[in-house]
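S.K.: Got a structure for you, written out below as structure tokens; questions coming shortly.
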Amino acid sequence: MPTSASPSTSTSTDPLAKNKAAAIAAVIAFWKKVDQLDALPKGDLTSLDLVARGQVLAQYQYNIGAARQRGETAKGSTMVESPSATSAVDPLTYKVAACVDVSEVTPYKNGKPRSVPPGTSRSGWAYGVTQDPKTLKWYVTTQRQTGTC
């Protein structure tokens, strides 16, 4: 099951449009990697550095590691819906707003499915996404919840 629809492919050569699409793709890749690591109790948490940096990298390495110690895993695909990107003051940084839907993700505790409280599967998020000036690769660097969607 795909993590999300890919940003629409454009024939535009507008660098701003390409950067917006790349920033959105970085958020989608981030969630795909989180889903992979949630499903693999022994997956290498350092692989998160392929999609995240800074606060988000440290936060998710800790969260997934702590969940594993508690015997918690998850299987499924997080959907990134209605993403939009805007440029920030720094030309290498974009803000991405999206609705994150985890309704297709099933949490497990010690191999047994857990129930999820109603109304908690969809939430709005704002991400900071930064391009590495040397590699030109995009990374999720900040994240904050903005409410429901």
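The values are calculated or read from the model by the stated rules, or taken from the named source; none is laboratory data. Since we're looking at a predicted model, the values are computed, not measured. Virtual Cβ from ideal backbone geometry, glycine too; neighbours counted across all protein chains shown. Side chains included, ligands, DNA and RNA excluded: accessible areas come from the protein's heavy atoms. Shrake-Rupley method; radii C 1.70, N 1.55, O 1.52, S 1.80 Å.
S.K.: Name the residue that is most open to solvent (accessible area, probe 1.4 Å), counting only residues in region 111-149 that are among the charged types (D, E, K, R) and either part of a loop (DSSP other than H, G, I, E, B) or under 11 Å from Ala52 (Cα atoms) (or both).
M.R.: Lys134
Results for (1) at pLDDT 95 or above; (2) hydroxyl-bearing (Ser, Thr, Tyr); (3) closer than 16 Å to Ile28 by Cβ; (4) out of contact with any Asp or Glu (no Cβ under 9 Å at 6 or more places or on another chain), shown as yes or no for each residue.
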| residue | (1), (2), (3), (4) |
| --- | --- |
| Gln59 | yes, no, no, yes |
| Ser77 | yes, yes, yes, no |
| Ala85 | yes, no, yes, yes |
| Val100 | yes, no, yes, no |
| Tyr127 | yes, yes, yes, yes |
| Val140 | yes, no, yes, yes |
| Arg144 | yes, no, no, yes |
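S.K.: Contact list please: Cβ distance under 7 Å, first residue in region 29-40 and on the phi > 0 side of the Ramachandran plot, second residue open to solvent by less than 40 Å² (accessible area, probe 1.4 Å) and among the polar types (S, T, N, Q), pairs at least six apart or on different chains.
M.R.: Between residues of region 29-40 that are on the phi > 0 side of the Ramachandran plot and residues that are open to solvent by less than 40 Å² (accessible area, probe 1.4 Å) and among the polar types (S, T, N, Q), there is no close pair.
S.K.: Still on this model: Taking only region 79-110 into account, find how many residues are hydroxyl-bearing (Ser, Thr, Tyr), buried (at least 16 other Cβ atoms within 10 Å of the Cβ) and more than 20 Å from Val51 (Cβ to Cβ).
M.R.: 1
S.K.: A further question on this structure: Which count do you get for residues in region 87-98 that are modelled with pLDDT under 95 and of a type in the set (A, V, I, L, M)?
M.R.: Total satisfying the criteria: 3.
S.K.: Here is a list of conditions, (1) closer than 21 Å to Asn19 by Cβ; (2) assigned to a strand (DSSP E or B), and Ala74 meets all of them except one; can you say which number that is?
M.R.: If we test Ala74 against (1) closer than 21 Å to Asn19 by Cβ; (2) assigned to a strand (DSSP E or B), just (1) comes out false.
S.K.: If I filter region 55-78 down to residues being open to solvent by 50 Å² or more (accessible area, probe 1.4 Å) and not charged (D, E, K, R), which single residue comes out as farthest from Tyr94 (Cα to Cα)?
M.R.: Filtering first and then ranking leaves Gln69.
S.K.: Could you count how many residues in region 100-149 are of a type in the set (Val, Ile, Thr) and in contact with a Leu (Cβ under 9 Å, 6 or more places away or on another chain)?
M.R.: Within region 100-149, residues that are of a type in the set (Val, Ile, Thr) and in contact with a Leu (Cβ under 9 Å, 6 or more places away or on another chain) number 3.
S.K.: Let me ask something else. From the list Thr46, Thr73, pick out the single residue that is farther than 24 Å from Thr135 by Cα and hydroxyl-bearing (Ser, Thr, Tyr).
M.R.: From the options Thr46, Thr73, the qualifying one is Thr73.
S.K.: Looking at region 39-54, which of the residues that are open to solvent by 60 Å² or more (accessible area, probe 1.4 Å) and at pLDDT below 95 is nearest to Asn110 (Cα to Cα)?
M.R.: Selected residue: Pro41.
S.K.: Also, quick follow-up: Scan region 122-149 and report the pairs whose first residue is more than 18 Å from Thr78 (Cα to Cα) and whose second residue is of a type in the set (Ser, Thr, Tyr) and modelled with pLDDT under 95, with Cβ atoms within less than 8 Å and a gap of 6+ or a chain change.
M.R.: none
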